[in-house]
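One structure is given here, and the rest of the page talks about it.
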Amino acid sequence: MTSSEAVSQRIPPFMSLGSARSDVWANKLDNQPKSVDLGATVSVSRETSTKTLSALDDDFDHGSPIASQLASETKRRERLLGRKLPRPQKTRILTVANQKGGVGKTTTTVNVAAALASAGLNVLVIDIDPQGNASTALGVPHHADIDSIYDVLINDFALADVVAACPDIDNLYCAPATIHLAGAEIELVSLVAREQRLRRAIEEYTKYREAEGEPRLDFIFIDCPPSLGLLTVNAFCAANEVMIPIQCEYYALEGLSQLLKNIEMIQKHLNSELVVSTILLTMYDGRTNLAAHVAADVREHFPKQVLQALIPRSVRISEAPSYQQTVMTYDPSSTGALSYLEAAAELAER
């Protein structure tokens with residue numbers, strides 16, 4: 001591989017130059033290419049381009065921080081190699097919730113789900129966020145004209161009528177969200193059993209799969225909006241576990257106590273089986289003392305719930321949705337993909 005080709009594989013199409021930008025973006029939506037030829041626009045020194053990998057390795061400082069990181073990642077990959085994830089005795093339904101926005105709820109939902117599905121488990125993602133970002137990341141259409149989870153909650157559609165298969169990963173399915181969900185909070189107020197509508201839909205879908213001879217779902221993840229409205233309440237009532245992504249910054253801790261109080265109310269009045277089973281630390285930056293202090297505080301207060309896996313800040317994780325993919329298919333060799341594989345394995349073995 002030439003140096004220009006290596007660079008081209010790391011630059012997404014929407015960053016290309018000149019008038020070709022819109023054409024590349026349009027082609028990406030149709031064909032989802034993973035690279036674009038920037039050989040004409042990127043110059044690399046002849047000395048660098050002609051060095052062999054062995055020569056670079058000879059020049060590499062094996063005592064450097066980069067070398068230490070690579071060695072650590074190699075050991076982590078070796079621990080995951082050939083690891084078979086156990087199937088749960090019954091379907092585990094997890095609501096991924098945090099009323100603070102931007103903490104990695106959707107990113108965590110789709111990547112953990114993709115990691116579990118890649119290991120051979122049957123996984124469904126239910127997107128109840130009006131933004132529909134989980135649907136985008138899984139490559140499932142969610143424009144206003146298609147049937148979606150809105151129709152399940154408001155119009156009594158069967159969940160089986162809206163579930164679509166993820167095109168990139170076998171055993172991974174998604175019930176998409178559309179912009180219509182933005183008004184669902186108001187429409188749900190006047191409906192009978194408004195808090196239990198998603199729960200009943202999931203129960204009926206489970207019976208449908210069994211009647212059709214389809215394999216049992218191992219995991220169901222419900223991606224919530226960044227609020228504590230009726231959509232999130234529906235998710236809490238439908239699940240038996242709560243998974244809370246927490247950004248490793250101070251503001252992320254402020255809303256945690258309020259979230260836990262709301263979960264206690266749900267446990268008391270609507271769903272006594274609900275438990276906070278998993279807390280995942282996201283956007284971890286090991287270069288800052290703040291991230292280490294936040295992580296230590298969360299582990300001190302929730303020693304049994306916090307996963308050992310840490311999700312780092314990663315450009316590759318952020319880039320993946322622009323290709324309508326998870327990081328598992330966009331760049332499976334990246335640090336972000338490795339971290340989510342570890343988190344998925346730890347979750348499955350709990």
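The values are calculated or read from the model by the stated rules, or taken from the named source; none is laboratory data. These figures come from a predicted structure and were not determined experimentally. Quick reminder, even Gly has a Cβ in these numbers, built from the backbone with ideal geometry, and neighbours come from all protein chains shown. Keep in mind that these areas ignore ligands, DNA and RNA; they rest on the heavy atoms of the full protein, side chains included. Shrake-Rupley method; radii C 1.70, N 1.55, O 1.52, S 1.80 Å.
Things worth noting here:
- Test for Val192: is it over 24 Å from Gln325 (Cβ atoms), touching a Leu at 6+ places or on another chain (Cβ under 9 Å), open to solvent by 20 Å² or more (accessible area, probe 1.4 Å) and free of Cβ contacts under 8 Å to residues at least 60 places away in the same chain: no
- Among the residues of segment 333-347, those identified as within 14 Å of the chain's Cα centre (by Cα) and open to solvent by 10 Å² or more (accessible area, probe 1.4 Å) are Leu341, Glu342.
- Members of segment 42-98 found to be open to solvent by less than 100 Å² (accessible area, probe 1.4 Å), in a loop (DSSP other than H, G, I, E, B), at pLDDT below 50 and not aliphatic (A, V, I, L, M), listed by number: Ser45, Lys51, Thr52, Phe60
- Yes/no for Gly101 being over 27 Å from Ala211 (Cβ atoms), touching a residue at least 24 places away in the same chain (Cβ under 8 Å) and either hydrophobic (A, V, I, L, M, F, W, C) or surrounded by fewer than 24 Cβ atoms within 10 Å (Cβ to Cβ) (or both): yes
- Residue match in segment 159-169 (condition: of a type in the set (A, V, I, L, M, F, W, C), open to solvent by 10 Å² or more (accessible area, probe 1.4 Å), modelled with pLDDT under 95 and over 25 Å from Ala114 (Cβ atoms)): no
- Evaluation of Leu228 against the conditions (1) touching a Leu at 6+ places or on another chain (Cβ under 8 Å); (2) open to solvent by less than 20 Å² (accessible area, probe 1.4 Å) shows that the sole unmet condition is (2).
- Criterion (within 11 Å of the chain's Cα centre (by Cα) and either under 17 Å from Leu338 (Cβ atoms) or among the hydroxyl-bearing types (Ser, Thr, Tyr) (or both)) met by exactly one of Ala115, Ala119: Ala115
- When the residues of segment 268-317 are filtered to those that are open to solvent by 60 Å² or more (accessible area, probe 1.4 Å), closer than 24 Å to Arg350 by Cα and not in a helix (DSSP H, G or I), the one that is modelled with the highest pLDDT is Val275.
- Counting only residues that are β-branched (Val, Ile, Thr) and in contact with a strand residue (DSSP E or B) (Cβ under 9 Å, 6 or more places away or on another chain), segment 179-205 holds 1 of them.
- In the set (1) open to solvent by 10 Å² or more (accessible area, probe 1.4 Å); (2) under 19 Å from Leu347 (Cα atoms), the condition left unmet by Glu249 is number (2).
- Only a single criterion out of (1) without any contact (Cβ under 8 Å) to a residue 60 or more places away in the chain; (2) under 17 Å from Leu94 (Cβ atoms) is not satisfied by Pro332, namely (2).
- Check on Ala175, buried (at least 18 other Cβ atoms within 10 Å of the Cβ), in contact with a Ser or Thr (Cβ under 9 Å, 6 or more places away or on another chain) and free of Cβ contacts under 8 Å to residues at least 60 places away in the same chain: yes
- In segment 165-180, of all residues being of a type outside the set (Gly, Ala, Ser) and closer than 10 Å to Pro130 by Cα, the one that is nearest to the chain's Cα centre (by Cα) corresponds to Pro176.
- Each residue in segment 115-158 was checked for being of a type in the set (Phe, Trp, Tyr) and buried (at least 18 other Cβ atoms within 10 Å of the Cβ), and 1 of them qualify.
- If you go through segment 223-255 and keep only what is part of a helix (DSSP H, G or I), among the aliphatic types (A, V, I, L, M) and under 20 Å from the mean Cα position of the chain (by Cα), you end up with Leu231, Ala235, Ala238, Ala252.
- Test for Leu198: is it in contact with a helix residue (DSSP H, G or I) (Cβ under 6 Å, 6 or more places away or on another chain), at pLDDT below 95 and not aromatic (Phe, Trp, Tyr): no
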